[in-house]
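The values are calculated or read from the model by the stated rules, or taken from the named source; none is laboratory data. Source: prediction; values computed, not measured. All Cβ positions, even for glycine, are placed from backbone atoms using ideal geometry, and neighbour counts span all protein chains on display. These accessible areas exclude ligands, DNA and RNA; they are computed on the full protein's heavy atoms, side chains included. Shrake-Rupley method; radii C 1.70, N 1.55, O 1.52, S 1.80 Å.
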Amino acid sequence: MVWDGFDAEKYEKWFRTPEGKFALEQEIRIMDHMISVWPRRKSKLLEIGCGTGIFLDHLYRCGFDVSGIDHSPVMLQAARKRMGNKASLHLCNGERLAFDDNEFDFTVLWTVLEFCSDPGAMLKEAARVSAGGVLIGFLNRHSIYFLTHGRMWPWASNGTLRQANWFSLPGMNRLISKSTGCRSRSTRSVLPGPMWSWKEASPWKQLNGFIYPPIIGAFTVTRVDFVSRRPLTPIHAWKTAPEP
(Lines give C-alpha, C1' and ligand atoms only; values in the text may rest on other atoms or scores of the structure.)
Protein backbone atom coordinates (compact mmCIF):
# COMPACT_ATOMS: atom_id res chain seq x y z
CA MET A 1 0.00 0.00 0.00
CA VAL A 2 1.38 3.39 -1.01
CA TRP A 3 1.47 6.03 1.67
CA ASP A 4 -1.40 8.37 0.80
CA GLY A 5 -0.03 11.61 2.23
CA PHE A 6 0.81 13.43 -0.99
CA ASP A 7 -0.69 16.76 -1.93
CA ALA A 8 -0.99 16.98 -5.72
CA GLU A 9 -0.83 20.78 -5.79
CA LYS A 10 2.22 20.85 -3.50
CA TYR A 11 3.89 18.14 -5.59
CA GLU A 12 3.38 20.12 -8.81
CA LYS A 13 4.43 23.38 -7.16
CA TRP A 14 7.77 21.86 -6.11
CA PHE A 15 8.66 21.14 -9.75
CA ARG A 16 8.03 24.79 -10.59
CA THR A 17 10.62 26.05 -8.09
CA PRO A 18 14.16 26.66 -9.45
CA GLU A 19 15.53 23.63 -7.57
CA GLY A 20 12.57 21.44 -8.52
CA LYS A 21 12.74 22.44 -12.18
CA PHE A 22 16.45 21.65 -12.29
CA ALA A 23 15.91 18.32 -10.52
CA LEU A 24 13.12 17.41 -12.96
CA GLU A 25 15.42 18.08 -15.91
CA GLN A 26 18.06 15.77 -14.47
CA GLU A 27 15.55 13.04 -13.66
CA ILE A 28 14.23 13.14 -17.22
CA ARG A 29 17.80 13.11 -18.51
CA ILE A 30 18.65 9.93 -16.60
CA MET A 31 15.30 8.35 -17.48
CA ASP A 32 16.01 8.89 -21.18
CA HIS A 33 19.50 7.48 -20.76
CA MET A 34 18.28 4.33 -19.02
CA ILE A 35 15.39 3.53 -21.38
CA SER A 36 17.43 4.15 -24.52
CA VAL A 37 17.84 0.39 -25.03
CA TRP A 38 14.10 -0.30 -24.83
CA PRO A 39 12.05 -0.41 -28.05
CA ARG A 40 9.27 2.18 -28.10
CA ARG A 41 6.95 1.54 -31.02
CA LYS A 42 3.87 -0.43 -29.91
CA SER A 43 5.51 -1.13 -26.54
CA LYS A 44 3.10 -1.09 -23.60
CA LEU A 45 4.45 0.57 -20.47
CA LEU A 46 2.94 0.77 -17.00
CA GLU A 47 3.99 3.32 -14.40
CA ILE A 48 3.18 2.22 -10.86
CA GLY A 49 2.59 5.24 -8.65
CA CYS A 50 2.21 7.66 -11.55
CA GLY A 51 1.28 10.58 -9.27
CA THR A 52 0.16 13.60 -11.26
CA GLY A 53 1.49 12.12 -14.50
CA ILE A 54 4.62 14.26 -14.97
CA PHE A 55 6.86 11.34 -15.91
CA LEU A 56 4.06 9.34 -17.53
CA ASP A 57 3.52 12.23 -19.93
CA HIS A 58 7.22 12.22 -20.81
CA LEU A 59 7.15 8.47 -21.42
CA TYR A 60 4.14 8.94 -23.70
CA ARG A 61 6.07 11.56 -25.68
CA CYS A 62 8.95 9.08 -25.90
CA GLY A 63 6.68 6.80 -27.93
CA PHE A 64 5.35 4.25 -25.43
CA ASP A 65 1.71 3.22 -25.12
CA VAL A 66 1.33 4.21 -21.50
CA SER A 67 -0.84 3.19 -18.57
CA GLY A 68 -0.60 4.40 -15.00
CA ILE A 69 -1.87 3.43 -11.59
CA ASP A 70 -1.89 5.29 -8.29
CA HIS A 71 -3.35 4.62 -4.86
CA SER A 72 -4.27 8.28 -4.32
CA PRO A 73 -7.52 9.52 -5.91
CA VAL A 74 -6.24 13.11 -5.68
CA MET A 75 -3.03 12.35 -7.55
CA LEU A 76 -4.86 10.26 -10.12
CA GLN A 77 -7.34 13.05 -10.76
CA ALA A 78 -4.43 15.38 -11.52
CA ALA A 79 -2.93 12.75 -13.82
CA ARG A 80 -6.21 12.43 -15.71
CA LYS A 81 -6.30 16.19 -16.15
CA ARG A 82 -2.76 16.19 -17.55
CA MET A 83 -2.98 13.07 -19.74
CA GLY A 84 -6.53 13.20 -21.08
CA ASN A 85 -7.01 10.24 -23.42
CA LYS A 86 -3.27 9.68 -23.88
CA ALA A 87 -3.09 7.11 -21.08
CA SER A 88 -5.15 4.41 -19.42
CA LEU A 89 -5.27 5.33 -15.72
CA HIS A 90 -6.45 3.21 -12.81
CA LEU A 91 -7.00 3.66 -9.08
CA CYS A 92 -5.12 0.64 -7.79
CA ASN A 93 -2.89 -0.72 -5.05
CA GLY A 94 0.54 -1.37 -6.55
CA GLU A 95 1.07 -4.38 -4.30
CA ARG A 96 -1.91 -6.19 -5.88
CA LEU A 97 -2.15 -5.31 -9.56
CA ALA A 98 -5.28 -6.23 -11.49
CA PHE A 99 -3.33 -7.13 -14.64
CA ASP A 100 -2.36 -10.40 -16.27
CA ASP A 101 1.15 -11.82 -16.25
CA ASN A 102 3.36 -10.10 -18.86
CA GLU A 103 0.51 -7.77 -19.85
CA PHE A 104 2.99 -4.94 -20.36
CA ASP A 105 6.35 -4.80 -22.05
CA PHE A 106 7.90 -2.57 -19.39
CA THR A 107 7.12 -1.22 -15.94
CA VAL A 108 8.41 1.94 -14.24
CA LEU A 109 8.56 2.61 -10.49
CA TRP A 110 9.74 6.20 -10.07
CA THR A 111 10.26 7.23 -6.43
CA VAL A 112 7.42 5.03 -5.23
CA LEU A 113 9.01 2.09 -3.40
CA GLU A 114 10.13 4.52 -0.67
CA PHE A 115 6.52 5.25 0.24
CA CYS A 116 4.90 1.81 0.31
CA SER A 117 4.55 -0.57 3.23
CA ASP A 118 5.78 -3.62 1.29
CA PRO A 119 8.26 -2.61 -1.46
CA GLY A 120 9.13 -6.24 -2.12
CA ALA A 121 5.52 -7.10 -2.94
CA MET A 122 5.20 -4.06 -5.20
CA LEU A 123 8.40 -4.86 -7.07
CA LYS A 124 7.36 -8.51 -7.42
CA GLU A 125 4.06 -7.40 -8.94
CA ALA A 126 5.87 -4.99 -11.28
CA ALA A 127 8.03 -7.87 -12.50
CA ARG A 128 5.03 -10.18 -12.87
CA VAL A 129 3.13 -7.90 -15.24
CA SER A 130 6.21 -6.91 -17.26
CA ALA A 131 7.58 -9.07 -20.07
CA GLY A 132 10.63 -6.97 -20.89
CA GLY A 133 11.93 -5.21 -17.82
CA VAL A 134 11.51 -2.81 -14.92
CA LEU A 135 12.98 0.65 -14.37
CA ILE A 136 13.36 1.77 -10.75
CA GLY A 137 14.16 5.30 -9.62
CA PHE A 138 14.89 5.72 -5.91
CA LEU A 139 16.23 8.14 -3.32
CA ASN A 140 19.83 7.32 -2.45
CA ARG A 141 20.50 6.81 1.24
CA HIS A 142 24.23 7.26 0.64
CA SER A 143 24.03 10.83 -0.61
CA ILE A 144 24.42 14.41 0.58
CA TYR A 145 20.71 14.89 -0.04
CA PHE A 146 19.88 12.22 2.53
CA LEU A 147 21.98 14.01 5.14
CA THR A 148 20.00 17.22 4.65
CA HIS A 149 16.51 15.93 3.87
CA GLY A 150 16.31 12.32 5.00
CA ARG A 151 15.46 10.59 8.25
CA MET A 152 18.97 10.60 9.68
CA TRP A 153 18.67 13.84 11.64
CA PRO A 154 15.48 14.94 13.45
CA TRP A 155 15.97 18.55 12.35
CA ALA A 156 16.84 17.76 8.72
CA SER A 157 13.32 17.75 7.30
CA ASN A 158 9.80 17.54 8.63
CA GLY A 159 8.07 16.96 5.32
CA THR A 160 7.29 14.11 2.99
CA LEU A 161 10.90 12.96 2.61
CA ARG A 162 11.16 12.13 6.30
CA GLN A 163 8.37 9.61 5.74
CA ALA A 164 10.37 7.88 3.01
CA ASN A 165 12.34 4.68 3.31
CA TRP A 166 15.52 5.74 1.49
CA PHE A 167 17.43 2.89 -0.15
CA SER A 168 21.13 2.14 -0.36
CA LEU A 169 22.32 0.57 -3.60
CA PRO A 170 23.22 -2.76 -1.92
CA GLY A 171 19.79 -2.78 -0.25
CA MET A 172 18.03 -2.12 -3.55
CA ASN A 173 20.06 -4.83 -5.29
CA ARG A 174 19.04 -7.33 -2.62
CA LEU A 175 15.40 -6.31 -2.99
CA ILE A 176 15.57 -6.70 -6.77
CA SER A 177 17.19 -10.12 -6.55
CA LYS A 178 14.69 -11.39 -3.99
CA SER A 179 11.60 -9.94 -5.70
CA THR A 180 12.41 -10.58 -9.36
CA GLY A 181 15.04 -13.31 -9.39
CA CYS A 182 17.14 -11.06 -11.66
CA ARG A 183 19.99 -8.60 -11.35
CA SER A 184 20.20 -4.99 -12.44
CA ARG A 185 21.69 -4.53 -15.89
CA SER A 186 22.57 -0.86 -15.52
CA THR A 187 22.59 1.67 -12.65
CA ARG A 188 23.36 5.39 -12.67
CA SER A 189 22.64 8.49 -10.56
CA VAL A 190 22.20 12.26 -10.79
CA LEU A 191 22.34 15.33 -8.52
CA PRO A 192 25.44 14.72 -6.36
CA GLY A 193 25.44 18.15 -4.73
CA PRO A 194 23.25 19.49 -1.91
CA MET A 195 19.85 20.85 -2.94
CA TRP A 196 20.95 24.48 -2.72
CA SER A 197 23.40 23.72 -5.56
CA TRP A 198 20.67 22.47 -7.90
CA LYS A 199 20.70 25.56 -10.11
CA GLU A 200 21.52 26.76 -13.60
CA ALA A 201 24.35 29.02 -12.46
CA SER A 202 27.98 27.95 -12.90
CA PRO A 203 29.73 25.94 -11.54
CA TRP A 204 26.71 24.22 -9.98
CA LYS A 205 25.11 23.36 -13.31
CA GLN A 206 28.30 21.64 -14.39
CA LEU A 207 28.48 19.71 -11.11
CA ASN A 208 24.86 18.54 -11.10
CA GLY A 209 24.20 18.32 -14.84
CA PHE A 210 25.92 15.00 -15.51
CA ILE A 211 24.99 11.35 -15.11
CA TYR A 212 27.20 9.72 -12.50
CA PRO A 213 28.02 6.25 -11.14
CA PRO A 214 25.24 4.87 -8.94
CA ILE A 215 26.46 5.74 -5.44
CA ILE A 216 27.14 9.45 -5.98
CA GLY A 217 23.87 11.20 -6.70
CA ALA A 218 20.77 11.95 -4.67
CA PHE A 219 18.61 10.08 -7.17
CA THR A 220 19.60 6.64 -8.44
CA VAL A 221 18.05 4.69 -11.31
CA THR A 222 18.50 1.00 -12.02
CA ARG A 223 17.20 -1.05 -14.91
CA VAL A 224 16.31 -4.75 -14.80
CA ASP A 225 15.96 -6.44 -18.18
CA PHE A 226 14.18 -9.78 -18.32
CA VAL A 227 16.29 -11.18 -21.12
CA SER A 228 15.53 -14.78 -20.20
CA ARG A 229 11.80 -14.20 -20.74
CA ARG A 230 12.16 -13.05 -24.33
CA PRO A 231 11.54 -15.64 -27.06
CA LEU A 232 14.65 -16.60 -29.01
CA THR A 233 14.95 -15.30 -32.55
CA PRO A 234 16.04 -17.91 -35.12
CA ILE A 235 19.61 -16.60 -35.12
CA HIS A 236 19.81 -16.71 -31.33
CA ALA A 237 18.29 -20.17 -31.32
CA TRP A 238 20.93 -21.32 -33.80
CA LYS A 239 23.75 -19.91 -31.69
CA THR A 240 22.50 -21.56 -28.51
CA ALA A 241 21.46 -24.90 -29.98
CA PRO A 242 23.44 -27.86 -28.64
CA GLU A 243 25.89 -29.53 -30.97
CA PRO A 244 24.84 -32.94 -32.29
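In square angstrom, rounded to the nearest 10, how much accessible surface does S43 have for a 1.4 Å probe?
10
For a label point 7 Å from the Cα of I215 along Cα→C-beta, name the residues of the stretch 179-203 whose backbone N is under 20 Å from it.
183-194
Spin-label point model (7 Å from Cα, Cβ direction): what's the R41 to R128 distance in nm?
3.4
For C182, tell me the accessible area in Å² from a 1.4 Å probe, rounded to the nearest 10.
My reading of the accessible area for C182 is about 30 Å².
Calculate the length of the line joining the C-alpha centroid of the stretch 32-62 to that of the stretch 95-139, in whole Å.
13
At R0 = 41 Å, how high is the FRET efficiency between A121 and R61 if r is their beta carbon distance? Nearest 0.05 is fine.
Given R0 = 41 Å and the Cβ-Cβ separation, E is 0.85.
Accessible area per residue for the chain in Å², computed with a 1.4 Å probe and the full protein assembly in place, what is it?
Ligands and nucleic acids excluded, the figure is 51 Å² per residue.
Please report, as a whole percent, how much of the solvent-accessible surface of the chain comes from carbon and sulfur atoms (probe radius 1.4 Å).
On the way: 6890 of 12500 Å².
Carbon and sulfur together cover 55 percent of it.
Could you please put S186, S88, S36 in sequence from largest to smallest accessible area, using a 1.4 Å probe?
Accessible-area ranking of S186, S88, S36, largest first: S36, S88, S186.
Based on the alpha-carbon gyration tensor of the stretch 1-113 and its eigenvalue square roots a ≥ b ≥ c, which shape applies: rounded if a/c is under 1.5, prolate if not and a/b is larger than b/c, or oblate?
oblate
Assuming a ≥ b ≥ c are the square roots of the Cα gyration tensor eigenvalues, decide whether the stretch 106-222 counts as rounded (a/c under 1.5), prolate (otherwise, with a/b larger than b/c) or oblate.
The shape class here is oblate.
Report the local net charge at A201: Lys and Arg +1, Asp and Glu -1, summed over other residues whose C-beta lies under 15 Å from its C-beta.
Once positives and negatives cancel, what remains is 0.
Could you sort W196, W204, W166 by accessible area so the largest value comes first, with the probe set to 1.4 Å?
The ranking, largest first, comes out as W196, W204, W166.
Within the stretch 180-212, list the residues whose amide N lies under 14 Å from a label point set 7 Å along Cα→Cβ of N173.
182-188
Ignoring everything except DSSP H segments at least 4 long, calculate the 222 nm mean residue ellipticity for the chain; use -39,500 (n - 2.57) per segment, divide by total residues, nearest 500.
The per-residue figure over the chain is -9500 deg cm²/dmol.
Placing +1 on the Cβ of each Lys and Arg and -1 on the Cβ of each Asp and Glu in the chain, which of I216, C50, S179 has its Cα farthest towards the positive end of the resulting dipole?
Result: I216, furthest along the dipole toward the positive end.
Suppose accessible area is computed on protein heavy atoms with a 1.4 Å probe; arrange R40, R183 from highest to lowest.
The residues order as R183, R40, largest area first.
Please calculate the 1.4 Å probe accessible area of H58, with all protein chains present, and give it to the nearest 10 Å².
Taking all protein chains as shown, H58 has close to 20 Å².
On a 0 to 90° scale, report how tilted helix 73-83 is relative to the longest principal axis of the chain, with both axes built from alpha carbons and the result rounded to the nearest 10.
Its long axis makes an angle of about 70 degrees.
GNM on the chain, C-alpha springs below 10 Å: top fluctuator among R174, R141, R41?
Residue with maximal mean-square fluctuation among R174, R141, R41: R41.
Compute the distance from the alpha-carbon center of the stretch 162-176 to that of the stretch 180-201, in whole Å.
Using only Cα atoms, the two centres lie 13 Å from each other.
Which whole-number percentage describes the relative contact order of the chain, with Cα contacts under 8 Å and a sequence gap of 6 or more? The partial results should precede the final answer.
Numbers: 470 pairs, mean separation 46.6, N = 244.
Reported relative contact order: 19 percent.
In the set [x] 14.4; [y] 13.5; [z] 18.7, which value of mean projected area of the Cα convex hull in nm² was calculated from the structure you see?
Answer label, from the structure shown: [x].
What's the ranking of 92-99, 125-132 by average number of surrounding C-beta atoms within 10 Å, highest first?
Order by mean packing, descending: 125-132, 92-99.
Note the count of lysine pairs whose C-alpha atoms are less than 15 angstrom apart in the chain, limited to pairs 8 or more residues apart or on different chains.
Going through the chain pair by pair, I get 7.
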